[in-house]
1. Do the conditions hold for ARG110, that is, is it under 30 Å from ASP358 (Cα atoms), outside any strand (DSSP E or B), touching a Lys or Arg at 6+ places or on another chain (Cβ under 8 Å) and assigned by TED's automatic domain parsing to the domain that holds LYS145?
2. So, of the residues in the stretch 60-104 that are in contact with a Phe, Trp or Tyr (Cβ under 7 Å, 6 or more places away or on another chain) and part of a loop (DSSP other than H, G, I, E, B), which turns out to be nearest to LEU48 (Cα to Cα)?
3. Taking the residues in the stretch 123-174 that are polar (S, T, N, Q) and without any contact (Cβ under 8 Å) to a residue 40 or more places away in the chain as candidates, determine which candidate is farthest from THR297 (Cα to Cα).
4. Which numbered condition trips up ALA157, out of (1) surrounded by fewer than 22 Cβ atoms within 10 Å (Cβ to Cβ); (2) assigned to a helix (DSSP H, G or I)?
5. ARG276 fails exactly one of the following numbered conditions: (1) in the same structural domain as THR414 (by TED's automatic domain parsing); (2) touching a residue at least 24 places away in the same chain (Cβ under 8 Å); (3) not hydrophobic (A, V, I, L, M, F, W, C). What is the number of that condition?
6. Looking at this structure, is VAL61 of a type in the set (Val, Ile, Thr) and either under 30 Å from LEU119 (Cα atoms) or within 25 Å of the chain's Cα centre (by Cα) (or both)?
7. So, TYR189, is that one outside the structural domain of GLU279 (by TED's automatic domain parsing), crowded, with 19+ Cβ neighbours inside 10 Å and not in a strand (DSSP E or B) or not?
Amino acid sequence: MSVGSSYFPERGNEGYWAEHYELTLDYRVGANRLRASAVISAFATGSLDGFTLDLADALRVTRVTVDGVPARFTHRDDKLRVAPARPLQEGTLFVVEVGYGGSPRPLPSRWGGLGWEQLTDGVIVASQPTGAPSWFPCNDRPADKSTYRMSITTGSAYTVAANGRLTSSRRAASTTTWVYEQAEPMATYLATVQIGRYQVAEIPGPVPQHLLYPLRLASRARADFARQGQMIDLFTDLFGPYPFPSYTAVVVDDDLEIPVEAQGLSIFGRNHLNGRRGEERLVAHELAHQWFGNSLTVGCWRDIWLHEGFAAYAEWLWSESSGGESADTLATRWHRKLSTLPQDFLLSDPGPRRLFDDRVYKRGALTLHALRRTLGDEPFFTLLREWTTTYQHSTTTTPHFVNLATRHSPAPLTPLFTAWLHTERLPPLSGGMS
């Protein structure tokens, strides 16, 4: 996929693939001041006299080296342009180090600010789809998945959560340094840092689960996430093994419009808790993204239904399994709602303005339900487990899924996928759902 074919042609960079990011962050919460360095190991896919990285203009670059040698650079229009002292040959590995700092702020988008954002007392990082450059230099396209090591130093009154395994936490005077290592490849938009005055609890279940929450929300948080371990049991049975070593849910002491997933971690607002599991479907939705979106990540944003449609369908599967409404009942209700909306929506290519349209979520879920009813439960869930195994920690496309699904059906699936994915008008609920 070329950068220019994406929904966000201004993001991403040609000529190399990033393989590893080592981020060292020193952050002062009250002042919103960041002093940082990023060491990026990359592979040149062509001969390079120069290359670019995505980095917000709000951050000031102080130095750049390539393979240890100072390099010339310019920084404007959210692009860091680097000219190494010597050209880079195709097929070589090289290391870029960028020193930078400033007062990070969210990058503007049609969905509001994206990326690093101050909370009332802390930080949330929610970058989907293009907010990663708000806090570190990167090749910001979902197909370029890399490993990470993050070292975050901040005031000792705060707890820090980030992607991957916490390898150390060292206190020195009034600050503490938290080090996380993300061994499984991760897209830039899924990289996150969460800073707040949090209590930490463990949730019982088949994998280690950490729950971070403000002290005053303790009872609500514990009640609303109480069945998350059972969700992992169900999704492991239906989708295959949980794809990461652990899972963390963070509840911030601010209202959020929607919860946000990151790799191995999800973030919820205080408004998503009521102590009676009133928004439990959101807990299921964000958890399901660990399979669909984080382990299996789309190479191009037009295929986002492979993230959101699958996570929305996981909500229905949890409801069905936990004594709530069946997937059939929910499918009927949502089909009725979608049929009243304008019939001008293409699930396989919704366009950047409709990337998070509710039809991506619900029509995506209906597509999967239609496929389930066509194949039958055993072949359908066998397909999902093969899907998550075949493309674990990799990038995916709609044709990948369609091609795999056809191997699980004795009858052609082209009419079903054409109707649900590639036709604007919503198909009848009976279509493909015998």
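1. On the way: under 30 Å from ASP358 (Cα atoms): yes; outside any strand (DSSP E or B): yes; touching a Lys or Arg at 6+ places or on another chain (Cβ under 8 Å): yes; assigned by TED's automatic domain parsing to the domain that holds LYS145: yes.
Yes; evaluated as a whole, the condition is true for this residue.
2. Ranking the qualifying residues of the stretch 60-104, first place goes to ASP67.
3. Restricting to residues being polar (S, T, N, Q) and without any contact (Cβ under 8 Å) to a residue 40 or more places away in the chain, the top hit is SER174.
4. (2)
5. (1)
6. Yes: the conditions hold for VAL61.
7. Yes, satisfied.
Here is a yes/no grid of residues against (1) at pLDDT below 95; (2) in a loop (DSSP other than H, G, I, E, B); (3) outside the structural domain of PRO208 (by TED's automatic domain parsing); (4) surrounded by fewer than 22 Cβ atoms within 10 Å (Cβ to Cβ):
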position	(1), (2), (3), (4)
PRO133	no, no, yes, no
PHE136	no, yes, yes, no
PRO142	no, yes, yes, no
THR153	no, no, yes, yes
ALA161	no, no, yes, no
SER168	no, no, yes, yes
ARG171	no, no, yes, yes
THR176	no, no, yes, yes
VAL179	no, no, yes, yes
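The values are calculated or read from the model by the stated rules, or taken from the named source; none is laboratory data. It should be emphasised that the depicted structure is a prediction, and the values quoted were computed from it without experimental measurement. In this analysis, Cβ positions are derived from the backbone assuming ideal geometry, glycine residues included, and neighbour counts consider all displayed protein chains.
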